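The values are calculated or read from the model by the stated rules, or taken from the named source; none is laboratory data. None of these values were measured; they are calculated from a predicted model. Here Cβ is always computed from backbone atoms with ideal geometry, including for glycine, and neighbour counts include all displayed protein chains.
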Amino acid sequence: MNDEHERPERVLVSACLLGRSCRYDGKDNGDQVLGAELEAQGLVAVPFCPEEHGGLGTPRPPAWLTASAEAVLDGEGQLVTDAGRDVTAQFRAGAEGALEVCQREGVRRAFLKERSPSCGCAQTHVDDRVVQGPGLTTALLLRAGIECRGVEGRRSRDDAD
C-alpha cells in the first residue's frame with residue numbers, strides 16, 4: 001500500500017491496449033480486463049506506442065522482424081514492411097523512446113501487446129510468421145531490467161467472469 005506521500009506505481013502500457021487507435025490498421029486493442037486490473041492494483045498507466053513515437057503513421061503497413069529482436073538490437077537484422085521497406089530505424093527509435101519514458105517515470109513494469117513486432121513478449125512476427133520471442137521494444141526493456149508482461153488485448157469485463 002502506498003501512503004499519501006508516496007507516488008503510485010507507474011507502469012508502461014501499449015497505448016492500443018488502453019483503447020487508442022494506433023494499431024498498424026488504425027484500430028485499437030482496448031482491454032477492459034487490463035484496465036480493471038491496473039485500477040484494482042492502484043497502478044497508473046503510462047500509455048506509449050513505439051511505432052508512432054518512432055515516426056510511423058497510423059494506419060501503416062504491417063511490418064515484421066527478419067531475425068530475432070535481440071539480433072536486430074545488435075545490428076544483425078531488420079524490421080521490414082510487407083512491401084519490403086526497411087523501417088528498422090523507426091522501430092528502434094520507438095523502442096529507445098519507450099526506455100527513456102520508463103527511466104524518466106521510474107517505470108519498472110510494462111504491459112505490452114502480445115505478438116506485436118515492437119511489443120510482443122512471448123511471441124512476435126519474424127518473416128511474417130508468429131514465433132516465440134519478444135518484439136524489439138520488449139527486448140530493449142528486458143535488457144534494461146524492466147519486467148514485461150504480454151497482454152492479448154480486446155478482453156471485455158464479461159470475459160473475466
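General observations
- The single condition among (1) in contact with a helix residue (DSSP H, G or I) (Cβ under 6 Å, 6 or more places away or on another chain); (2) assigned to a helix (DSSP H, G or I) that LEU38 does not meet is (1).
- Region 61-92, subset out of contact with any Pro (no Cβ under 8 Å at 6 or more places or on another chain), aliphatic (A, V, I, L, M) and assigned to a helix (DSSP H, G or I), residue farthest from GLY133 (Cα to Cα): ALA89
- Of all residues making up region 1-35, the number that are in a loop (DSSP other than H, G, I, E, B) and small (Gly, Ala, Ser): 4
- Yes/no for VAL33 being buried (at least 16 other Cβ atoms within 10 Å of the Cβ), among the β-branched types (Val, Ile, Thr) and within 23 Å of SER156 (Cβ to Cβ): yes
- The conditions of being assigned to a helix (DSSP H, G or I), touching a residue at least 24 places away in the same chain (Cβ under 8 Å), closer than 13 Å to PRO117 by Cα and over 14 Å from the mean Cα position of the chain (by Cα) are not met by GLU51.
- Residue check, VAL107 within 15 Å of ARG143 (Cβ to Cβ), in a loop (DSSP other than H, G, I, E, B) and aliphatic (A, V, I, L, M): yes
- Residue check, LEU34 under 19 Å from GLY120 (Cβ atoms), in contact with a strand residue (DSSP E or B) (Cβ under 7 Å, 6 or more places away or on another chain) and not charged (D, E, K, R): yes
- If you check ARG104, ARG10, ARG109, ARG23 for being at pLDDT 95 or above and farther than 23 Å from GLY145 by Cα, only one passes: ARG23.
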